[in-house]
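Below is one structure; the comments refer to it alone.
The values are calculated or read from the model by the stated rules, or taken from the named source; none is laboratory data. Remember, predicted model here, so these are calculated numbers, not experimental data. So basically every Cβ, Gly included, is an ideal-geometry build from the backbone, and we count neighbours across all protein chains shown.
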Amino acid sequence: MGFALSVIYFVTYYLTPAAVFGPLAALHIQIIIAALLIIVSVPTLLKSFTLKMPQSLALLGLAIAVFLSVLIGMRWPGGAVQAFLNFVPNAFAFFIVCIHCNTIKKLKVLAAAMLFVCLFVIAHGAFDLLRGLPESPNTQEDASESSLKTASPYFLRQLSDNNVWIYRLEGLGEINDPNDFAQVIVSVIPFMFLFWRPRNLLWNILVVLLPLCAFLFGAYLTHSRGSLVALMAVIVVAARRRIGTVPSLVLAAGIFIAASALQFTGGRDISASAGSGRTGLWGESMQVLVTHPLFGVGYGNLVNYTDDNLTAHNSVVVCAAELGLFGLYFWSLFLYSTISDALAIASPANVTEAEPIVPEDAPFPQTAFKIEEVDKAEINRVGSLMVLSLTGYLVTGLFLSRAFILTPFLLGGMAEAAFLIALKRGMVPPRMPLARLLKFTGGLTISLVVMMYILIRALNLMH
């Protein structure tokens, strides 16, 4: 029951209750599902190993950082409580996945649900595109408006760098922005290959390759520059083991040139000068970190510290400026421990064949329910795909202020669930000691700040 509720909850989160339940959404079914999910999950969570993982410490620290950032940075106790309550449901997605996706089959079902979310939006967008995209009635007819909604809820009308109107595909609810939807697309594209079957050409064409083409078409319709860069990064990471680093870079560069020629970004340039406004926001936000280094200026409050009242469009910078180094440390701890575990199960040299498992609490082990059999190749494949998924999220996150949304915690939960499956079967060695992990996280935190400083300086010199 918990797993089924989890899948419904995530699909509803991305597609909105109205799209999933139609008229029944007025009955607040999503709240009922969330309440049932909490009732089912909390007892299991308290008895599980999940709370002892480093990610649990990271999320606890992040929640405290969110609270303190508003309490200290904004001097607003009531706002601190509200910020805490806004953050916790997103972070709770990690625990939901870890305790309910305890088999590879369940991970595949959840991956299929995420793929369905994207295909749902892409299909509706393609249908509206074929019918035509009339503009919505708008009293602001000034052509200088940078963006206007269309009659379709799945498209945004925006001026390109060449002063030409383009239509950009977007999702619903929490992904009702072309860049947000593109981030989800890039993050879940690797999941397609969870369903790849060796030596089964027809299945692979129908279930993997054709849907993959639809996803790439959807990414094209978003005209997201960040998603194009992220796709190239995913290609490099995926191909380097098979063909080498240099050939994979050449391959990605060739695809990038072809995509640019096909107007993947809708005529929007990818260059230092084209991103000067965004770089300026990064610089302003780094100055905010200098003046509020420990606890930041408050969760969601960065917009009040930039000249144009805009956020920084960079997950690292936003996290540092809003939560300070205290919050950035725990955010880094979550990422570092998650990526380390994903890399551990992706490495063929690090994974061994599974040991037989017998349910400890079964009175008659010989008649106990059958434990899912998992081989080394399957774990390696899942780990490799999770690394690619996290790569897609992180690279797009360099151009989006999406450090605290549900997506990274959902992906982190999937990566950790796969690691736990391997760990319980003795297929991977235990994690590094917590003290060592905390030291490495400190180094990562400092490195992220230094990296952003150097990147901003370099881009400013290129303008």
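Take the residues of segment 408-426 that are over 21 Å from the mean Cα position of the chain (by Cα) and surrounded by 15 or more Cβ atoms within 10 Å (Cβ to Cβ): which is farthest from Leu57 (Cα to Cα)?
At the first step, the residues of segment 408-426 found to be over 21 Å from the mean Cα position of the chain (by Cα) are 421-426.
From what's left, surrounded by 15 or more Cβ atoms within 10 Å (Cβ to Cβ): 421-425.
Numbers: Ile421: 20, Ala422: 21, Leu423: 19, Lys424: 21, Arg425: 24 Å.
Applying the filter and picking the extreme gives Arg425.
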Worksheet item: Which of (1) on the phi > 0 side of the Ramachandran plot; (2) touching a strand residue (DSSP E or B) at 6+ places or on another chain (Cβ under 9 Å) is the odd one out, the single condition Gly244 does not satisfy?
Response: (2)
Discussion item. Criterion first (buried (at least 18 other Cβ atoms within 10 Å of the Cβ) and in contact with a His (Cβ under 7 Å, 6 or more places away or on another chain)) does Ser6 satisfy it?
Written reply: yes
Worksheet item: Out of the residues in segment 427-463 that are among the small types (Gly, Ala, Ser) and at pLDDT 90 or above, which is surrounded by the fewest Cβ atoms within 10 Å (Cβ to Cβ)?
Response: Ala435
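Which is part of a helix (DSSP H, G or I), touching a residue at least 12 places away in the same chain (Cβ under 8 Å), closer than 29 Å to Ile175 by Cβ and not basic (Lys, Arg), of Leu210, Leu194, Leu206? I'd like the intermediate steps shown before the answer.
On the way: Leu210 fails: touching a residue at least 12 places away in the same chain (Cβ under 8 Å); Leu206 fails: touching a residue at least 12 places away in the same chain (Cβ under 8 Å).
Just one listed residue meets the conditions, Leu194.
Does Ile243 count as over 30 Å from Gln158 (Cα atoms) and not small (Gly, Ala, Ser)? Show your work before the answer.
Numbers: over 30 Å from Gln158 (Cα atoms): yes; not small (Gly, Ala, Ser): yes.
Judged against the criteria, Ile243 is a match.
Is it true that Phe84 is part of a helix (DSSP H, G or I), in contact with an Asp or Glu (Cβ under 9 Å, 6 or more places away or on another chain), assigned by TED's automatic domain parsing to the domain that holds Ala422 and among the aromatic types (Phe, Trp, Tyr)? Spell out how you get there, then give the answer.
Values: part of a helix (DSSP H, G or I): yes; in contact with an Asp or Glu (Cβ under 9 Å, 6 or more places away or on another chain): no; assigned by TED's automatic domain parsing to the domain that holds Ala422: yes; among the aromatic types (Phe, Trp, Tyr): yes.
So Phe84 does not fit the description; no.
A quick yes/no check of all residues on (1) touching a residue at least 12 places away in the same chain (Cβ under 8 Å); (2) in a helix (DSSP H, G or I):
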site: Phe256; (1), (2): yes, yes
site: Leu281; (1), (2): yes, yes
site: Met286; (1), (2): yes, yes
site: Gly296; (1), (2): yes, no
site: Asn309; (1), (2): no, no
Practice prompt. Take the residues in segment 147-167 that are more than 26 Å from the chain's Cα centre (by Cα) and among the polar types (S, T, N, Q), then tell me which one is farthest from Gly132 (Cα to Cα).
Written response: Asn162
Worksheet item: Given the residues Phe94, Phe120, which is the only one that is surrounded by fewer than 21 Cβ atoms within 10 Å (Cβ to Cβ) and at pLDDT 95 or above?
Response: Phe120
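Look at segment 72-81 and say how many of its residues are touching a residue at least 60 places away in the same chain (Cβ under 8 Å) and assigned to a helix (DSSP H, G or I).
Here is the first cut: in segment 72-81, the residues touching a residue at least 60 places away in the same chain (Cβ under 8 Å) are 72-74, 76, 79.
Okay, now just the ones that are also assigned to a helix (DSSP H, G or I), so 72-73, 79.
Number of matching residues: 3.
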Item to complete: Return yes or no: is Gly267 in a loop (DSSP other than H, G, I, E, B), modelled with pLDDT of 90 or more and under 29 Å from Leu159 (Cα atoms)?
Response: no
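Looking only at segment 7-22, decide whether some residue is under 20 Å from Leu420 (Cα atoms) and part of a helix (DSSP H, G or I). If you could, list the steps in order and put the result at the bottom.
Pass one, segment 7-22, residues under 20 Å from Leu420 (Cα atoms): 7.
Okay, now just the ones that are also part of a helix (DSSP H, G or I), so 7.
Yes, segment 7-22 contains a residue that is under 20 Å from Leu420 (Cα atoms) and part of a helix (DSSP H, G or I).
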Worksheet item: For residues in segment 132-153 being of a type in the set (D, E, K, R) and either assigned to a strand (DSSP E or B) or surrounded by 10 or more Cβ atoms within 10 Å (Cβ to Cβ) (or both), which is modelled with the highest pLDDT?
Response: Lys149
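Filter segment 409-450 down to residues that are free of Cβ contacts under 8 Å to residues at least 60 places away in the same chain and in a helix (DSSP H, G or I) and give me whichever is nearest to Pro293 (Cα to Cα).
The qualifying residue nearest to Pro293 (Cα to Cα) is Ile446.
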